[in-house]
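Below you'll find the structure, written out as structure tokens, and then a few comments.
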Amino acid sequence: MNEKQILNSYEIARERYAEVGVDTDKAVAVLESTPISLHCWQTDDVVGFERSEALSGGIQTTGNYPGRARNIDEVRADVKFAKSLIAGSHRLNLHEIYGDFGGKLVDRDQCGPEHFASWIQWAAENGLKLDFNSTSFSHPKSGDLSLSNPDPGIRGFWIEHTKRCRRIADAMGKAQGDPCIMNIWVHDGSKDLTVERKRYREILAASLDEILSEKLPGMKDCVEAKLFGIGLESYTVGSMDFFEGYCATRKVMYTLDTGHYEPTENVADKIPALLLFVPELMLHVSRPVRWDSDHVTIMNDQTLELFKEIVRAGALDRAHIGLDYFDASINRIGAYVIGTRATQKCLLSALLEPLSKLREYEDSGRGFQRLALLEEAKTLPFGAVFDWFNLKNGVPVGPEFIPEIERYEREVTLKR
Ligand code: RNT
Ligand code: ZN
């Protein structure tokens with residue numbers, strides 16, 4: 001496709017959308033200014049640089065496609081390359097285990113902003129703002145219970161870790177002049193039946209209260225709910241009900257991972273409910289296949305609905321978009337780019353919804369007309385707008401990014 005064709009198609013699309021009251025230029029401008037937080041862990045199967053050991057704590061990557069990033073330079077090179085194929089300005093989401101530890105073993109209760117100074121500098125040089133995550137998995141003290149552990153020694157270790165992580169996030173936020181969002185996800189749960197469901201939740205709430213009591217203006221907290229983890233199938237301490245209650249009463253941001261609910265649940269519908277009671281949302285956009293499998297995000301009905309609910313709720317300023325999937329069975333950079341571009345497609349599709357007309361129909365009880373327009377909106381020339389967005393931002397249009405990734409594979413990742 002040449003530039004002229006893309007421009008012509010866009011002109012036609014602009015008119016078609018204008019007929020249903022949608023301003024495509026405005027939609028593209030919103031898309032451009034909405035950052036997506038890229039999850040650094042897609043580059044290396046969530047291994048990190050602490051011990052470089054297999055993943056534990058209820059999550060798992062499957063596949064052993066060659067080319068995994070093995071160190072900080074490779075992670076940075078891969079993120080930078082992926083970003084070059086994605087339009088807009090984005091953020092980078094780091095986990096504590098991705099610190100610059102200089103080859104030394106820095107235990108989780110010893111980490112500090114100094115281990116992230118080179119990340120702060122690198123991010124600034126590359127036009128990325130940072131988000132952050134404490135890491136309770138893949139550690140000898142992870143066990144089944146971390147922040148909810150009745151043993152004060154183990155619990156104290158993870159409380160100390162999480163407090164230190166918040167200070168790291170605060171340093172990142174101050175350096176970038178924009179709050180760093182720090183996610184707390186703990187895998188805590190039980191493989192088999194437990195008779196202490198309430199007790200562990202009381203401990204988790206108390207640990208979190210202690211952790212969050214330190215005021216740190218450079219960062220914002222979010223806490224992530226989950227259905228279950230592998231090996232922890234019978235009980236999850238930080239369930240949805242637990243964190244909904246926690247976030248609503250403590251006024252903390254709720255992290256909604258699209259893989260963390262029953263497979264038939266409508267995750268999109270949680271957005272307009274949660275927004276009434278929690279201050280903000282952090283999204284972990286993922287693709288569960290039968291379970292929390294973390295397949296690469298694609299433009300499917302679930303993801304389209306998710307973004308429609310955010311836009312319909314007028315909540316783009318209260319819903320932060322992050323990705324969370326890890327597929328090791330295909331080219332990892334390809335997976336990174338597919339999922340991020342798919343997320344943008346879903347957001348764009350939501351921004352192009354003929355909402356005022358649909359609302360007019362709904363308010364006047366015209367149900368047939370509403371359904372008809374919802375159906376017709378699906379075949380409006382969406383692709384022409386997405387192509388224009390990519391062209392305008394100087395990144396590959398359509399499948400043009402495939403050979404770019406093949407080249408990077410040949411020249412870089414296959415040589416690892
Ligand atoms: C796990 C959670 C969590 C992790 C990352 C690596 O089920 O989704 O967000 O995937 O922190
Ligand atoms: Zn997640």
Worksheet item: How large is the Kirkwood hydrodynamic radius of the range 183-341, in angstrom, based on all distinct alpha carbon pairs?
Response: 16.5 Å
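With the cut-off at 21 Å, tell me which of the pairs Lys174/Lys270; Lys174/Lys345; Lys80/Lys392; Lys80/Lys215; Lys141/Lys163 have Cα atoms farther apart than that. Write out the running numbers ahead of the final one.
Working: Lys174/Lys270 32 Å; Lys174/Lys345 32 Å; Lys80/Lys392 19 Å; Lys80/Lys215 33 Å; Lys141/Lys163 17 Å.
Flagged as over cut-off: Lys174/Lys270; Lys174/Lys345; Lys80/Lys215.
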Worksheet item: By how many degrees, between 0 and 90 and to the nearest 10, does the Cα long axis of helix 382-392 differ from the longest principal axis of the chain?
Response: 70 degrees
Worksheet item: For the range 102-202, with equal point scatterers placed on the C-alpha atoms only and solvent neglected, what are the log10 I(q)/I(0) values from the Debye formula at q = 0.11, 0.12, 0.22 1/Å, to two decimals?
Response: -0.41, -0.47, -1.12
Worksheet item: Relative to the Cα centre, what is the charge dipole magnitude of the chain, using +1 at the beta carbon of each Lys and Arg, -1 at the beta carbon of each Asp and Glu, and rounding to the nearest 20 debye?
Response: 400 debye
Worksheet item: For the range 142-192, what log10 I(q)/I(0) values come out of the Debye formula at q = 0.30 1/Å, with one point per alpha carbon and no solvent?
Response: -1.08
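Counting other beta carbons within 10 Å of each Cβ, put Val395, Val79, Val289 in order, fewest first. It would help to have the intermediate numbers written out before the result.
Details: Val395 19, Val79 25, Val289 10.
By the 10 Å Cβ count, ascending, the order reads Val289, Val395, Val79.
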Item to complete: Using only alpha carbons, build the gyration tensor for the chain and give me the equivalent ellipsoid semi-axes, biggest first, whole Å.
Response: 36, 27, 19
Response to the item:
Note to self: C-alpha centroids of the range 47-109 and the range 193-227 sit apart, in Å, by 25 Å
Item to complete: List Cys180, Cys247 from most exposed to least, where exposure is judged by having the fewest other Cβ atoms within 10 Å.
Response: Cys247, Cys180
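Most exposed first by the Cβ proxy, i.e. fewest other Cβ within 10 Å, how do Thr379, Thr43 rank?
Thr379, Thr43
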Worksheet item: What range in the chain is the longest one free of GluC sites (Glu not before Pro) that are in a loop by DSSP and have at most 16 other Cβ atoms within 10 angstrom?
Response: 266-416
Worksheet entry | Angle in degrees between helix 3-19 and the longest Cα principal axis of the chain, rounded to the nearest 10 | 80 degrees
Worksheet entry | Estimated Rh, the range 1-86: Kirkwood, alpha-carbon pairs, angstrom | 16.8 Å
Fill in: Average Cα contact separation per residue, the range 271-342, under 8 Å, 6 or more apart, as relative contact order %
42 percent
Fill in: Degrees separating the helix 401-411 axis from the principal Cα axis of the chain, which is the longest one
40 degrees
Worksheet item: For the range 1-144, what is the convex hull (Cα atoms) projected area averaged across all directions, in square nanometres?
Response: 12.4 nm²
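Just to be sure I understand: if I project the alpha-carbon convex hull of the range 247-363 onto a plane and average over all orientations, what area do I get in nm²?
7.9 nm²
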Worksheet item: Hey, if you put +1 on the Cβ of every Lys and Arg and -1 on every Asp and Glu Cβ in the chain, which of Phe242, Ile405, Val289 ends up farthest toward the positive end of that dipole?
Response: Ile405
Worksheet item: Given Cα pairs under 8 Å that are at least 6 residues apart, what percent is the relative contact order of the range 121-199?
Response: 42 percent
Discussion item. Suppose we look only past 24 Å in the calculated P(r) of the range 296-415. What percent of the Cα-Cα pairs does that tail hold?
Written reply: 40 percent
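All of the numbers you see were taken from the coordinates with simple rules; none came from a lab. Given the structure is predicted, the values throughout are model-derived calculations rather than measurements. Note that each Cβ is placed from the backbone with ideal geometry, even for glycine, and that neighbours are counted across all protein chains shown.
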